[in-house]
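In what follows, a single structure is set out as structure tokens and then discussed.
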Amino acid sequence: MPNISSTIFLYFLRVSCLVLSFSTFPVFAQVDSNVSDSESLDRNLTGFEALNEAQPLWEFGAGGVALSVANYPASSERNFITLAAPYIVYRGDVFRIGGGHGARAVLLEKSDFEIDLSFGGAFSAESKDNTVRQGMPELEFLFEVGPQLIYKLTDITFDGGGKARLNTQLQTRGVFSTDFNGLDQRGYVIESILSYQQRGVWLENTGLNISFSLTYASEKLQDYFYQVDSSFATNNRDQYDAKGGYLGSELSVGLSFPLADNIRGFFGGSVKFHQGAANIDSPLYEKDITYSLGLGFVWRLYQSETKASW
């Protein structure tokens, strides 16, 4: 999916101010009361607390990120982004923000799997001069919402200290674009993810995250990126009818580490592979391999005395 799938920005997005109005959703969660904090799938191994420490119910602070990403899947044009935003984490039984899986509303949680309603997004991109999209409509901000299944494959304890977790996720999300004056439905995306987190293996409070994902998109979403209508065809850009199917795969790696008390830094990147994509013949398809790089920090200023129940 053309989501903000750089490991760096995902980390920042999960702890930033995506405070969606969850209270508008009539969600009734079934949470297993026997799930301990260390067992919960939502336990983030790369956060502030050590694995033997309870986590605050909420945290508030500030953060910043700088990253370089492709404008859209298989684009040769790049977008450099710097962003500062509030750092917000909430670990409720139903509504949760941050903590490793983004903004979501938990519908069902057991010791080895979770079903939730999750959210995502992507930045806009301009159709600048001297690009393959010159003269075409600009790509707007994208937002995603839909169900997600998270399944724990295994927990790992290392003899020399440290722990790790291997999860798999399956997401199905509707995609919407907006210029903040209106909202358009852009189809849907299906993404399968294999993710690995570890903490304390090399250094006590250093966390590592590695993930690999496969993404499939509906024809309507593929049209948004790769279709060329007759009105936008030129001598150098043939008319093209996009089709739904495979969009690409992505390998992401990120590292988080303490900079000072209540301040954590992070850096990393991702590589996207578009070979075999459904619309490889589109004149808007430029590169088989694209990449994202970024770095940033979060500074926790306040935290609740009340601890999360999970």
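Just a few scattered comments:
Okay, residues lined up against (1) under 21 Å from residue 68 (Cβ atoms); (2) in contact with an Asp or Glu (Cβ under 6 Å, 6 or more places away or on another chain):
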site: 189; (1), (2): no, no
site: 201; (1), (2): no, no
site: 204; (1), (2): no, no
site: 219; (1), (2): no, no
site: 227; (1), (2): no, no
site: 243; (1), (2): no, yes
site: 255; (1), (2): yes, no
site: 266; (1), (2): yes, no
site: 272; (1), (2): yes, yes
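- Residues being closer than 22 Å to residue 266 by Cβ and either over 20 Å from the mean Cα position of the chain (by Cα) or not small (Gly, Ala, Ser) (or both) - total across the stretch 62-97: 17
- Here residue 159 fulfils each of the conditions (1) surrounded by 17 or more Cβ atoms within 10 Å (Cβ to Cβ); (2) at pLDDT below 90; (3) closer than 30 Å to residue 203 by Cβ apart from (1).
- Every residue from the stretch 247-285 that is surrounded by fewer than 19 Cβ atoms within 10 Å (Cβ to Cβ) and not aliphatic (A, V, I, L, M): 249, 257, 258, 261, 262, 265, 273, 275, 276, 281, 283
- Residue within the stretch 119-142 that is at pLDDT 95 or above, hydroxyl-bearing (Ser, Thr, Tyr) and either surrounded by fewer than 16 Cβ atoms within 10 Å (Cβ to Cβ) or touching a Gly at 6+ places or on another chain (Cβ under 6 Å) (or both) present: no
- Elements of type strands (runs of 3 or more DSSP E) in the stretch 49-102, at least 2 residues being surrounded by fewer than 22 Cβ atoms within 10 Å (Cβ to Cβ) and out of contact with any Cys (no Cβ under 7 Å at 6 or more places or on another chain): 58-70, 78-91
- Positions within the stretch 227-246 being basic (Lys, Arg) and buried (at least 17 other Cβ atoms within 10 Å of the Cβ), in sequence order: 237
- Subset tally (residues that are under 21 Å from residue 252 (Cβ atoms) and of a type in the set (Lys, Arg)) for the stretch 58-96: 1
- A search for C-beta distances below 6 Å between a residue of the stretch 63-80 that is within 12 Å of residue 294 (Cα to Cα) and any residue that is hydroxyl-bearing (Ser, Thr, Tyr) and buried (at least 18 other Cβ atoms within 10 Å of the Cβ), counting only pairs 6+ apart in sequence or on different chains, returns 67/6; 69/6; 69/292.
- Breaking point among (1) buried (at least 17 other Cβ atoms within 10 Å of the Cβ); (2) within 21 Å of residue 102 (Cα to Cα), for residue 172: (1)
- Segments classed as strands (runs of 3 or more DSSP E), wholly inside the stretch 204-310, with at least 1 members that are without any contact (Cβ under 8 Å) to a residue 24 or more places away in the chain and of a type in the set (A, V, I, L, M): 245-260, 263-273, 289-303
- Residue in the stretch 187-195 that is of a type outside the set (Ser, Thr, Tyr), buried (at least 17 other Cβ atoms within 10 Å of the Cβ) and closer than 27 Å to residue 155 by Cβ present: yes
The values are calculated or read from the model by the stated rules, or taken from the named source; none is laboratory data. Because the structure is predicted, anything quoted here is derived from the model rather than measured. Note that each Cβ is placed from the backbone with ideal geometry, even for glycine, and that neighbours are counted across all protein chains shown.
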